[in-house]
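Input: a single structure, listed below in structure tokens.
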Amino acid sequence: MIKLIATDMDGTLLDSNKRLPEEIFEIIGALSAQQVHFVVSSGRQYYTLAEQFAPVADKLTFIAENGAMVVDCGQTVFLDSMDPKVVKTLIDAGRRIQGGHVVVCGARAAYVESTVPVFLDNVQPYYARFEIVPDVQSVAETDRICKVAVFSEGPAETDAYPFLTPYGDTLAVCLSGPHWVDVMNKTVNKGAAIRFLQQRFGITRQECMAFGDYLNDTEMMKECAFSYAMENAHPDLKAISRYQCPSNDERGVITTIEKTVLKGES
């Protein structure tokens with residue numbers, strides 16, 4: 001029996017226009033009635049996720065910042081903060097990337113220094129609570145920083161990711177979207193957050209279902225026996241997922257939950 005369902009947001013639960021399925025709150029209510037934990041698992045900021053799920057946010061579990069922050073029923077139950085010296089080193093590296101712009105993600109807010117329009121247009125959907133500061137280095141020691149994200153004006157896989165992978169020996173460097181690379185502590189990923197929740201709720205891997213579309217979902221898929229890659233998912237994610245479901249624009253998450261969990265056809 002499924003007791004926990006974790007879903008990514010962009011490219012997974014959200015359609016291409018970044019909209020939630022109309023029936024999502026009805027689905028969450030039906031799952032709650034069956035005592036199934038619904039977990040929103042995203043590279044997005046917690047405050048953004050809470051805003052998107054405002055009607056039920058105080059009853060849900062959120063894995064935010066790619067696993068660096070976990071909030072359960074409105075309470076922060078896990079935060080993996082980074083060494084300020086490491087944060088400053090990553091900021092310097094991000095600044096050197098052509099077409100790269102840095103977001104420093106903290107417990108209180110996200111911080112940016114670039115005001116390039118294309119960058120801010122891409123920051124706003126993911127960070128409901130962000131501040132523009134003169135120098136993001138200044139916040140490394142004034143907030144608990146859990147992630148440094150780099151937005152690449154070009155394809156992140158070729159333009160930004162290769163410049164950050166050298167830090168992969170000591171940090172988690174994750175390609176989280178077509179234009180985003182996230183860097184966190186080595187111990188941080190969505191899979192580690194899922195394991196934390198499994199222990200917290202007393203749930204096994206065999207009782208977990210996950211949905212994702214990109215490489216930052218890889219570890220999460222491995223921790224859930226019922227792993228579904230979206231039709232629109234990265235080929236590498238499809239390769240390690242047990243199942244495949246319709247695309248985000250075909251309501252793949254909703255239809256699969258309805259069929260396999262709520263109607264019990266699995």
Residue list for segment 204-216, filter: modelled with pLDDT of 95 or more and in contact with an Asp or Glu (Cβ under 9 Å, 6 or more places away or on another chain): 205, 208, 210, 211, 212, 213
Test result for residue 173, part of a strand (DSSP E or B), aliphatic (A, V, I, L, M) and either more than 21 Å from residue 41 (Cβ to Cβ) or open to solvent by less than 10 Å² (accessible area, probe 1.4 Å) (or both): no
Whichever residue in segment 17-69 is in contact with a helix residue (DSSP H, G or I) (Cβ under 8 Å, 6 or more places away or on another chain) and among the hydroxyl-bearing types (Ser, Thr, Tyr) and, among such residues, is nearest to residue 144 (Cα to Cα): 46
Count - residues of segment 10-27 that are over 18 Å from the mean Cα position of the chain (by Cα) and farther than 10 Å from residue 253 by Cβ: 4
Residue check for residue 68: under 16 Å from residue 126 (Cα atoms) and either exposed (fewer than 14 other Cβ atoms within 10 Å of the Cβ) or in contact with a Lys or Arg (Cβ under 7 Å, 6 or more places away or on another chain) (or both): yes
Matching option when the condition is charged (D, E, K, R) and either under 15 Å from residue 125 (Cα atoms) or open to solvent by less than 20 Å² (accessible area, probe 1.4 Å) (or both), among 26, 51, 22: 51
Those residues of segment 177-204 which are open to solvent by 50 Å² or more (accessible area, probe 1.4 Å), outside any loop (DSSP other than H, G, I, E, B) and either under 28 Å from residue 235 (Cβ atoms) or of a type in the set (A, V, I, L, M) (or both), in sequence order: 195
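Take the residues in segment 1-19 that are part of a helix (DSSP H, G or I) and not small (Gly, Ala, Ser); name whichever of them is most open to solvent (accessible area, probe 1.4 Å).
Looking at the filtered set, the residue picked out is 10.
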Residue pairs meeting the criteria (Cβ under 7 Å; at least 6 apart or on separate chains; first in contact (Cβ under 8 Å) with a residue 24 or more places away in the chain, in segment 17-29; second of a type outside the set (D, E, K, R) and assigned to a loop (DSSP other than H, G, I, E, B)): 18/125; 20/14; 25/55; 25/56; 28/56
Of residues in segment 29-48 being more than 18 Å from residue 211 (Cα to Cα) and among the aromatic types (Phe, Trp, Tyr), the one surrounded by the fewest Cβ atoms within 10 Å (Cβ to Cβ): 47
Members of segment 36-70 found to be closer than 15 Å to residue 7 by Cα, in contact with a Phe, Trp or Tyr (Cβ under 7 Å, 6 or more places away or on another chain) and part of a strand (DSSP E or B), listed by number: 37, 40, 62, 64, 70
Subset tally (residues that are open to solvent by 20 Å² or more (accessible area, probe 1.4 Å), of a type in the set (S, T, N, Q) and either modelled with pLDDT under 95 or not in a helix (DSSP H, G or I) (or both)) for segment 242-259: 1
Every residue from segment 205-232 that is farther than 13 Å from residue 4 by Cα, out of contact with any Gly (no Cβ under 7 Å at 6 or more places or on another chain) and open to solvent by less than 10 Å² (accessible area, probe 1.4 Å): 212, 217
Tally, over segment 163-197, of residues that are among the basic types (Lys, Arg) and touching a strand residue (DSSP E or B) at 6+ places or on another chain (Cβ under 9 Å): 2
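The values are calculated or read from the model by the stated rules, or taken from the named source; none is laboratory data. Please read all numbers here as calculations on a predicted model, not as lab measurements. We place every Cβ from the backbone using ideal geometry, glycine too, and count neighbours over all the protein chains shown. Please note that ligands, DNA and RNA were not included when accessible areas were found on the heavy atoms of the full protein model with its side chains. Shrake-Rupley method; radii C 1.70, N 1.55, O 1.52, S 1.80 Å.
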